[in-house]
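A single structure is presented below for examination.
The values are calculated or read from the model by the stated rules, or taken from the named source; none is laboratory data. Computed from a prediction, not measured in an experiment: that's the story for all the values here. Note that each Cβ is placed from the backbone with ideal geometry, even for glycine, and that neighbours are counted across all protein chains shown. These accessible areas exclude ligands, DNA and RNA; they are computed on the full protein's heavy atoms, side chains included. Shrake-Rupley method; radii C 1.70, N 1.55, O 1.52, S 1.80 Å.
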Amino acid sequence: MIKLPGLIDPHVHMREPGQTHKEDWDSGTSAALAGGVTMVLAMPNTKPPIFDASTLDLALGAAKEKARCDYAQFLGAGPDNIDWGRHKALPLQAAGLKMYLDQTFGELRLDSMTLWQSHFQNWPKNLPIVAHSESRSMAAVILMAAIYDRPVHIAHISLKEEVLLIKAAKERGIKVTCEVTPHHLFLTEEDISAIGGASLRLAPTGATGRGEVRPRLAAKEDVEALWQNLDVIDCFATDHAPHTLAEKDSETPPPGFPGVETLLPLLLTAIHEGRLTINDVLSRMVTNPRRIFSLPEQPETWIEVDEKAEYELRAANMHSRCGWTPFEGWQVKGRVTRVVLRGREAFKDGKILVEAGYGRNVRAQKNVESTEVSFRALRMIK
Ligand code: NCD
Ligand code: ZN
């Protein structure tokens, strides 16, 4: 049995408000705890999207009532909320600003580079910006980070050209950090047919069935480049993006995979196989996300893992409402047996033991002061 710190997942979709048939703050944070994740940062592409004080209240109201692990909520960059200077308190209440620069699930996409520039200029320099930017838009957003001399965190990188670009940018002192998802580390485009889904049969050419995800599953060469350049990758983040099986099996499957419950078993299996060390995982799932997003420590919080348990991943044993996983039937080694969150036993042997509402907003008012202090400390280190 090994004891590890609670993991931080800086990229999840809780689907509330608006799409609670896929997931909600209760089922999503229960799934997180079952996966050994004690803190999640939730993305803003909900219905409605989270982009101002009243929509942030909607998400945080639901989270306060239902979340079982700790959390913060991102604001989304849109065409009408560029004036961050006028709403000084609002950015501090969010996990950070999420900028969608490429097509994906939801309505939050910024097409005009003038809007990107406005957000880069107006969002407080000491608070996080996360960019969904693939390939060339990634190159453009890294240039903007350099021009405005501010940090940017790149979500879910998946390509060789991307990891090499970030490596080169880091070598030149540009303040860029990045994350990779387990599915982009453990799956390639060759796995799409095994993941399955009805639309593969409905439209044989170009259809990706349940394997539909943004960024797309990549070629073997890309996946190998991620593994070869692990030192460039700051965080592992699941991009837990649940959609129901019926949706995934429709003619037009929405992109996204659930991920919080398969994350640690997959990483522990890779450790067992000698592809990763435990420190590789802890730096990318605890210390780096805490530093990049300026997150507080969680006192009296740890997870217990049976590193010898061998079993098959089964969606039927999971807590997410979506009811499927792209890793169905995968043989893994390593099981989360117990999670203690702020002194309370939160999960044990497959059961969630804390009530809905136990989770804390780590950016809540009483925490904002310490957030500011740690951001100041962060700037001094840099
Ligand atoms: C995400 C979703 O479903 O919200 N989908 C995905 O394929 N990753 C959106 C996103 O993170 O791009
Ligand atoms: Zn996402």
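Please list 3J(HN,Hα) in residue order for segment 341-351, calculated via the Karplus relation 6.51 cos²θ - 1.76 cosθ + 1.60 where θ = phi - 60°; whole Hz, with x for glycine and proline.
For segment 341-351, the Karplus-derived couplings read 10, 6, x, 10, 5, 9, 8, 8, 6, x, 10 Hz, x marking Gly and Pro.
List every residue whose amide H lies under 5 Å from the amide H of A309, counting only residues 5 or more places away in sequence or on a different chain, with H placed 1.01 Å from N in the peptide plane.
For A309, the qualifying residues are G334, R335.
Pick out, in residue order, every one of the chymotrypsin sites (Phe, Trp or Tyr not before Pro) in segment 35-81 that is DSSP loop and has at most 14 other C-beta atoms within 10 Å; say none if there are none.
On the way: sites: F51, Y71, F74; in loops: F51, F74.
Loop-located and lightly packed - none at all.
Can you compute 3J(HN,Hα) from phi for each residue in segment 229-236, using the Karplus curve 6.51 cos²θ - 1.76 cosθ + 1.60 with θ = phi - 60°, rounded to whole Hz and x for Gly and Pro?
10, 4, 5, 7, 8, 7, 9, 9
Right, something else. Exactly which trypsin sites (Lys or Arg not before Pro) in segment 107-207 are in a DSSP loop and have at most 12 other Cβ atoms within 10 Å? Before the final figure, lay out each step's value.
On the way: sites: R109, K125, R136, K160, K167, K170, R172, K175, R201; in loops: R109, K125, R172, K175.
Counting only loop positions with at most 12 other Cβ atoms within 10 Å, the trypsin sites (Lys or Arg not before Pro) in segment 107-207 are R172.
In nm, what is the difference between 0.36 nm times the number of residues separating E190 and E251 and their Cα-Cα distance? All intermediate terms of the calculation are to be shown ahead of the outcome.
Details: separation 61, 0.36 × 61 = 21.96 nm, distance 2.07 nm.
Full-extension gain reported as 19.9 nm.
Related question: Please compute the per residue accessible area over the chain with all protein chains in place, 1.4 Å probe, rounded to a whole number of Å². It would help to have the intermediate numbers written out before the result.
Working: 15480 Å² over 382 residues.
Roughly 41 Å² per residue, with all protein chains present.
Rounded to a whole number, what % of the accessible area of segment 125-187 do carbon and sulfur atoms account for, probe 1.4 Å?
C and S atoms contribute 58 percent here.
Tell me, what HN-Hα J-couplings in whole Hz come from the Karplus equation 6.51 cos²θ - 1.76 cosθ + 1.60 at θ = phi - 60° for each residue of segment 272-283, using x for Gly and Pro?
Along segment 272-283, the couplings run 4, 7, x, 8, 9, 10, 4, 5, 4, 6, 5, 5 Hz.
Classify segment 236-335: rounded, prolate or oblate, from the alpha-carbon gyration tensor (a ≥ b ≥ c, eigenvalue square roots; a/c under 1.5 rounded; otherwise prolate if a/b is larger than b/c)? Please report the intermediate quantities before stating the final value.
Details: a/c = 2.11, a/b = 1.38, b/c = 1.53.
Since a/c reaches 1.5 but b/c is at least a/b, the shape of segment 236-335 is classed as oblate.
For the chain, take the alpha-carbon Rg, divide it by the Kirkwood Rh, and send me Rg/Rh.
Working: Rg = 19.3 Å, Rh = 20.7 Å.
Result: Rg/Rh = 0.93.
If you take the beta carbon distance between K125 and R172 as r and set R0 to 22 Å, what does 1/(1 + (r/R0)^6) give as a FRET efficiency, to the nearest 0.05? Write down the numbers at each step before the final one.
Details: r = 19 Å, r/R0 = 0.87.
Taking R0 as 22 Å, the efficiency between K125 and R172 is 0.70.
Which residues make up the longest stretch of the chain that has no GluC sites (Glu not before Pro) in a DSSP loop with at most 15 other Cβ atoms within 10 Å? Kindly include the intermediate steps, with their values, before the conclusion.
Details: sites that count: E107, E251, E273, E297, E300, E355.
In short, 108-250.
Any of K64/K248; K98/K248; K98/K175; K3/K308; K22/K47 with alpha carbons more than 20 Å apart? Name them for me. Walk me through the numbers before you get to the answer.
Values: K64/K248 30 Å; K98/K248 25 Å; K98/K175 17 Å; K3/K308 13 Å; K22/K47 12 Å.
Table pairs above 20 Å Cα-Cα are K64/K248; K98/K248.
Treat each spin label as a single point 7 Å out from the Cα along the C-beta direction, and report the H21 to E224 distance in nm.
Distance between the two pseudo-spin positions: 4.4 nm.
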